[in-house]
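Here is the structure we will look at.
Readers should treat all values here as calculations from the given coordinates under stated rules, not as data from a laboratory. All of these numbers come straight from a predicted model, not from anything done at the bench. Every residue, glycine as well, gets a Cβ built from its backbone with ideal geometry; the counts of neighbours run over all protein chains shown.
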Amino acid sequence: MDKDGIVFVESWSNKKLIYNSFTFREIIKGVMIKYANKSEEEAESILAERSNFFSIESYDNACLVSHEIEYHWAMLWACGEGYHANGYSYPPPNGYDEWELEYRENKRLAKECFEFLD
């Protein structure tokens, strides 16, 4: 089960990050519903097929995954490679940041999916 607050430490520098797995998954699901016009059931099915993706197990792996924003992962999985050439926006459309902030607040999600700490 996805949960928030997973802490990873980089072995050679002791830098830390917090991986909010539940929030990451929920934001991706919300993007699929809002911007890729998927039903909740369709979004859940897509996420279930990629459940291993959310099983991040190291600082390095978290850095790799966090390199792309949630919008990108959602649209890639919901609409396929090259989604931006098929009428979907990349970068995120106008109003996305406001939508995401409100979605996080309404769902009581973490403010960030990946929190890098010094």
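The value obtained for the range 6-117, namely the Cα convex hull volume divided by the number of residues, is 106 Å³ per residue. Using the rule -39500 (n - 2.57) for each DSSP H run of four or more residues, divided by the residues of the chain, the 222 nm mean residue ellipticity is -14000 deg cm²/dmol. Of the trypsin sites (Lys or Arg not before Pro) found in the range 25-96, those that fall in a DSSP loop while having at most 15 other beta-carbon atoms within 10 Å are Arg50. Among the lysines of the chain, pairs at least eight places apart or on separate chains and with Cα atoms under 23 Å apart come to 14.
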